[in-house]
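Heads up: the structure comes next, in C-alpha cells.
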Amino acid sequence: MQDTHRNKGLRQKLVNELRTKGITDEQILNAFRDIPRHYFLDKTFADWAYKDVAFPIDADQTISQPYTVAIQTALLQVKKKDKILEIGTGSGFQACVLAYLGAKVYTIERQKKLFDKTEKFLHEIGFGSVRTLYGDGYEGSPRFAPFDKILLTAAADQIPDKLIQQLKPGGILVVPLGGGDVQKMLRITKKEDGTLSSESFGNYSFVPFLRGVQG
Ligand code: SAH
C-alpha cells in the first residue's frame, strides 16, 4: 500500500467537493484529507477512491459514497471518547472516520469473509483500535452496550428494538430507514426519560440490512 502525492492531491480535491456539497465540520473534512481511502478498494480500482460515488467491494457489498459517510458522521455529532457501535463494517472506512474523530468504535459485520478481511486490514493500516465484531447487527452488542451513538450503514425497514435498548439516555442513533430502493436518513435521539424523537435528513440508497450471519 502506497500513499503518493497524487493520492493526496486527489483527496484534497474530494475534500473541496465535500465542502461545496455542504460538509462544514473541519474534523470530518480532515478525516477525508488524512485517511487513504484508496487502501479500502481493490488496487485495480484505486482511481475510483476519490470520486464521490459508492463503489463495490467484496462479497457483493459497497463502500458508501464519501458524501454519505460525511453526512452520517455529521449527524452523529461525534465527541472524543464517544462509545459508538457501527452496524455494517464493510470496507471499514466509516469505522476509521469515527476512530479518527476520537471515538471508541465497535463495528459489526454479518459476512464472515468480509469480517476476516477487514479485521486484518484495519490492523495493517494502523486502525487496530477499532473493535471488530462478527455477528448479526439486529442483536447489537449486548456485551459492549450501552453506547453513546449507534450508526447503521445498511437500509433497515424498521428500527430494531434491541438497538434502541442498547443506546444510552441522551444517545443518538442514525439509520437509513425504508425497505425499498430509497431510504430516509433519520436521526433518532433517546431522551433522558427514554422517549424517542426523530428528525429526517433526505433520501439515500443503501444495501439492505439482512437478518442473521453468513459464514
Ligand atoms: N460502513 C461500510 C459500508 C457498508 S455496506 C463502509 O464504510 O464500507 C453495509 C454492510 O452492512 C455490508 O458489509 C453488509 O454485509 C452489512 N450488513 C448487512 N446486514 C447486516 C447485519 N444484520 N449485521 C451486520 N452487518 C450487516
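Assorted remarks:
- For segment 25-134, size of Cβ-based charge dipole, Lys and Arg +1, Asp and Glu -1, in debye: 380 debye
- Per-selection metrics, segment 140-179 (Cα): Rg and Dmax in Å: 9.9, 29
- The spacing between segment 22-87 and segment 180-195, judged by their C-alpha centroids, is 21 Å.
- Around the amide H of Gly171, modelled in the peptide plane, lie the amide H atoms of Lys190, all under 5 Å away and 5 or more residues distant in sequence or on another chain.
- In the chain, Cα pairs under 8 Å separated by at least six residues give a relative contact order of 15 percent.
- Range of Cα positions in segment 57-107 per principal axis (Å), largest first: 33, 21, 15
- Rounded to the nearest 0.05, the FRET efficiency derived from the C-beta distance between Asp116 and Asp25 at R0 = 22 Å is 0.10.
- Volume in Å³ per residue [convex hull over Cα atoms, computed for the chain]: 112 Å³
- Interchain or long-range residues, amide H under 5 Å from Phe147's placed H: Leu167, Lys168
- Spin-label pair Lys8/Asp193, simplified geometry with 7 Å Cα→Cβ offset, distance in nm: 5.4 nm
- Take the convex hull of the alpha carbons in segment 133-215; its mean projected area over all directions comes to 5.4 nm².
- Cα gyration tensor shape of segment 1-111, rounded if a/c is under 1.5, else prolate or oblate by comparing a/b with b/c: oblate
- Helix 5-20 and the longest principal axis of the C-alpha atoms of the chain enclose an angle of approximately 50°.
- Helix-only [θ]222 nm of the chain, DSSP H runs n ≥ 4, -39500 (n - 2.57) each, per residue, nearest 500: -8500 deg cm²/dmol
- Here is the P(r) of segment 12-73: all C-alpha pair distances, binned every 10 Å from 0, give 22, 57, 20, 1 in whole percents.
No lab work stands behind these numbers, since they all come straight from the coordinates. Keep in mind that this is a model prediction, so the values were computed, not measured. No Cβ is skipped: glycine too gets one built from the backbone with ideal geometry, and neighbour counts run over all protein chains shown.
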